[in-house]
Every structure is written in C-alpha cells, then in structure tokens.
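Presented below is the structure to which this report refers.
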Amino acid sequence: LAATPSDDCPTIFDKIISKEIPSTVVYEDDKVLAFRDITPQGPVHILLIPKVRDGLTGLSKAEERHIDILGRLLYTAKLVAKQEGLAEGFRIVINDGPQGCQSVYHIHVHLIGGRQMNWPPG
Ligand code: 5GP
C-alpha cells in the first residue's frame, strides 16, 4: 500500500498559497484559493483549495469540522464556473488516494469545462 503523506508534510500547494510558486489565480478569498491547473484537461481547468489544510489531505480524511470548508469549496466552484462562462455545464472531480489518482495531498476540487465530457470516466 502506498503511504499517504501526513498533515505536516508540505505539498506544492503550500507554495502556491504563499505565492512562492506562481500560479494563475482566478478567485481568492480568506479561505479559498482557485488557480488554473498547470496540466489542463480541458479549455478550463481550475483547482480550488482551502488556504488552511487542517488535516484535510484528502476527502477521505474529512471530519465534521471540515463541513464548512467543504461546502465553500463546492459553492466557490459554482461561482468560478459562472465567472469562466461555463453556462453549458462542467465537471467537478475530487481524486482521493492512490486508486483515485490523487497526486497532491492537500484536498482540491477540480473544475473542468469548455468541452464535452464523457461518462463514465476512465
Ligand atoms: P490530483 O492528481 O492530486 O487530483 O491533482 C493535482 C493537480 O495539480 C494535477 O492536475 C496537476 O496538474 C496540478 N498541479 C501539480 N503541480 C502544480 C503546480 O505547480 N501548479 C499548478 N497550477 N498545478 C499543479
């Protein structure tokens, strides 16, 4: 079994939050940062992350105290989808763990759009 990093293990997203690593920010408030994915899977591909991880390395680590930030991430995804002009629809993805193809252990919501999506995913 592949180990999943613990909460004190920094990820690349910490450096994106602190702006040590540049990213194209499309939305920011005191709790959520949204920026363009460096390897876009569609004309629009944005990642939404909590600025404070608080143990939320992935969705499988969610506790009751995270309910507010989880709701904010999804609601902000809707706002950003509108801002990006995705009136025809979009895809929201949260990869979790090795089998879910998660590669960065700081929870993030993928917002993908601007092309026709397929279902079921691969
Ligand atoms: P995951 O596979 O964990 O669900 O998604 C991680 C995402 O982060 C990937 O889509 C990957 O392209 C994106 N990513 C990784 N490193 C960087 C980076 O330095 N900048 C940006 N903007 N995106 C990144």
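Every read-out reported here was derived from the displayed coordinates using simple, explicitly stated rules and does not represent laboratory data. Quick caveat: nothing in here was measured; it's all calculated off a predicted structure. Because the Cβ atoms are built from the backbone with ideal geometry, glycine has one as well, and the counts that use them run over all protein chains shown.
Could you grab me the full set of residues in the stretch 89-114 that are among the small types (Gly, Ala, Ser) and closer than 18 Å to ILE17 by Cα?
To start, the set of residues in the stretch 89-114 that are among the small types (Gly, Ala, Ser) comprises 89, 97, 100, 103, 113-114.
Matches in the stretch 89-114: SER103 only.
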Worksheet item: Which of the residues spanning the stretch 56-107 are within 14 Å of the ligand (Cβ to nearest atom), surrounded by fewer than 17 Cβ atoms within 10 Å (Cβ to Cβ) and among the hydroxyl-bearing types (Ser, Thr, Tyr)?
Response: SER60, SER103
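In the stretch 60-97, which residues are assigned to a helix (DSSP H, G or I), hydrophobic (A, V, I, L, M, F, W, C) and in contact with a strand residue (DSSP E or B) (Cβ under 8 Å, 6 or more places away or on another chain)?
Initially, the stretch 60-97 is screened for residues assigned to a helix (DSSP H, G or I), giving 60-61, 64-83.
Imposing the further condition that a residue be hydrophobic (A, V, I, L, M, F, W, C) reduces the set to 67, 69-70, 73-74, 77, 79-81.
Once the filter is applied, which keeps residues that are assigned to a helix (DSSP H, G or I), hydrophobic (A, V, I, L, M, F, W, C) and in contact with a strand residue (DSSP E or B) (Cβ under 8 Å, 6 or more places away or on another chain), the stretch 60-97 yields ILE69, LEU73, LEU74, ALA77, LEU79, VAL80, ALA81.
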Practice prompt. Collect the residues in the stretch 98-121 that are aliphatic (A, V, I, L, M) and in a loop (DSSP other than H, G, I, E, B), keeping them in residue-number order.
Written response: VAL104, ILE107, MET117
Worksheet item: Of the conditions (1) over 15 Å from the mean Cα position of the chain (by Cα); (2) without any contact (Cβ under 8 Å) to a residue 24 or more places away in the chain, GLY89 fails just one. Which one is it?
Response: (2)
